Amino acid sequence: MSAATAPALLVEDVAVEFKTASGTYLALQGIDIEIPQGGFTTLLGPSGCGKSTLLRTIADIIAPTRGTLNLFGQTPREARLDGAFGFVFQDPVLLPWRTCLENVALPLQVAKVPRVERTERARAMLALVGLEGFEDRMPSQISGGMARRVAIARALVLSPRILFLDEPFNGLDELRRRQLNEELQRIWLESGTTAILVTHNVSEAVFMSDRVLVMGRNPGRIIADETISLPRPRTQDLTRASEFLEYEDRLTSLLTDAYRGLDD
Ligand SMILES: Nc1ncnc2c1ncn2[C@@H]1O[C@H](COP(=O)(O)OP(=O)(O)OP(=O)(O)O)[C@@H](O)[C@H]1O
């Protein structure tokens with residue numbers, strides 16, 4: 001299968017164990033996922049179910065204890081070395097001594113892209129995330145929401161084939177998060193990349209996703225695979241529509257089951 005037609009992600013029978021002081025902890029077990037290219041998929045689950053561990057295993061940060069993973073027909077390591085990944089973490093971690101433009105240009109600098117081209121590309125990415133005019137601001141001079149956008153621009157600047165988002169709007173107030181969800185949807189639609197989001201927020205999962213994989217815990221596993229068939233671009237008006245609320249109810253009930261699993 002060629003890279004153009006291979007699934008964006010193929011995960012087969014993956015398990016992850018951590019060695020801890022009190023013994024071995026089984027964080028993930030029996031994970032099977034196939035994601036075609038181009039979609040927006042969310043991993044939704046209660047705190048501690050292994051969402052970040054799964055995302056990090058896919059992104060070659062954690063090695064699986066068993067099973068195999070493939071991205072566009074490559075191993076996670078090959079895909080990472082090929083520059084296929086963009087990663088947005090919970091904390092935007094911008095370098096405080098570099099301007100917004102210089103922060104976005106950093107991956108291009110590491111990739112040894114010439115200065116004129118990297119400035120041009122970083123400027124275009126900042127414009128894409130709605131931060132035209134903020135190029136020369138330092139991270140201390142922008143809001144938390146703007147810092148998240150800079151982090152998204154930085155993750156997209158090398159045109160990755162897959163974008164990983166690990167609770168990128170964690171800690172922001174609900175209104176700001178909703179605005180940024182709308183922005184992220186626009187950016188994702190324009191970039192045409194495959195995206196995988198980690199969240200424990202049901203409304204965010206419904207708003208953003210084509211598909212939601214609900215995770216349970218002890219051990220971390222996938223307990224439901226839900227398709228979200230709502231038209232795009234989605235707007236805040238849609239969040240009040242009955243179809244949206246029905247998806248929210250369905251995912252909330254699955255999440256409640258997943259939380260209950262904790263007490264078993
Ligand atoms: N390096 C590690 N060593 C030992 N245990 C770990 C390690 N990393 C994660 N864990 C454990 O694995 C489980 C899953 O953690 P993970 O961070 O993936 O969950 P999560 O679903 O992303 O949670 P949250 O939503 O709170 O971020 C937790 O019980 C966590 O304590």
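The values are calculated or read from the model by the stated rules, or taken from the named source; none is laboratory data. Just so it is clear, the structure is predicted and the values come from calculations on it, not from any experiment. For neighbour counting, all protein chains shown are included, and Cβ atoms are generated from backbone atoms with ideal geometry for every residue, glycine included. Surface areas here come from the heavy atoms of the whole protein model, side chains and all, with no ligands, DNA or RNA. Shrake-Rupley method; radii C 1.70, N 1.55, O 1.52, S 1.80 Å.
Structure notes:
- Failed condition for Val16, given (1) within 10 Å of the ligand (Cβ to nearest atom); (2) modelled with pLDDT under 90: (2)
- For segment 33-49, the set of residues classified as modelled with pLDDT of 95 or more and within 12 Å of the ligand (Cβ to nearest atom) consists of Leu43, Leu44, listed by residue number.
- Test result for Gly30, more than 12 Å from the ligand (Cβ to nearest atom) and within 18 Å of Asn218 (Cβ to Cβ): yes
- Scan of segment 161-186 for residues that are touching a residue at least 40 places away in the same chain (Cβ under 8 Å), out of contact with any strand residue (DSSP E or B) (no Cβ under 9 Å at 6 or more places or on another chain) and among the hydrophobic types (A, V, I, L, M, F, W, C), ordered by number: none
- Residue match in segment 207-229 (condition: touching a Lys or Arg at 6+ places or on another chain (Cβ under 6 Å), surrounded by fewer than 21 Cβ atoms within 10 Å (Cβ to Cβ) and at pLDDT 95 or above): yes
- Taken over segment 1-27, the residue count meeting the criterion of being open to solvent by 30 Å² or more (accessible area, probe 1.4 Å), closer than 13 Å to Phe72 by Cβ and in a strand (DSSP E or B) is 1.
- Verdict on Pro76 being without any contact (Cβ under 8 Å) to a residue 24 or more places away in the chain, of a type outside the set (S, T, N, Q) and in contact with a Leu (Cβ under 7 Å, 6 or more places away or on another chain): yes
- Among residues of segment 97-110, those that are modelled with pLDDT of 95 or more and open to solvent by 50 Å² or more (accessible area, probe 1.4 Å), counted: 2
- Filter result for Val113 (free of Cβ contacts under 8 Å to residues at least 12 places away in the same chain and either open to solvent by less than 60 Å² (accessible area, probe 1.4 Å) or touching a helix residue (DSSP H, G or I) at 6+ places or on another chain (Cβ under 6 Å) (or both)): yes
- Subset of segment 53-79 that is within 20 Å of Val198 (Cα to Cα) and open to solvent by 40 Å² or more (accessible area, probe 1.4 Å) - its residue that is farthest from the ligand (Cβ to nearest atom): Asn70
- Leu131 being closer than 25 Å to Ile61 by Cβ, in contact (Cβ under 8 Å) with a residue 24 or more places away in the chain and out of contact with any strand residue (DSSP E or B) (no Cβ under 7 Å at 6 or more places or on another chain): no
- Condition met for Arg66 (at pLDDT 95 or above, basic (Lys, Arg) and at negative phi): yes
- Residue list for segment 28-52, restricted to those being open to solvent by 60 Å² or more (accessible area, probe 1.4 Å), charged (D, E, K, R) and in contact (Cβ under 8 Å) with a residue 40 or more places away in the chain: Asp32
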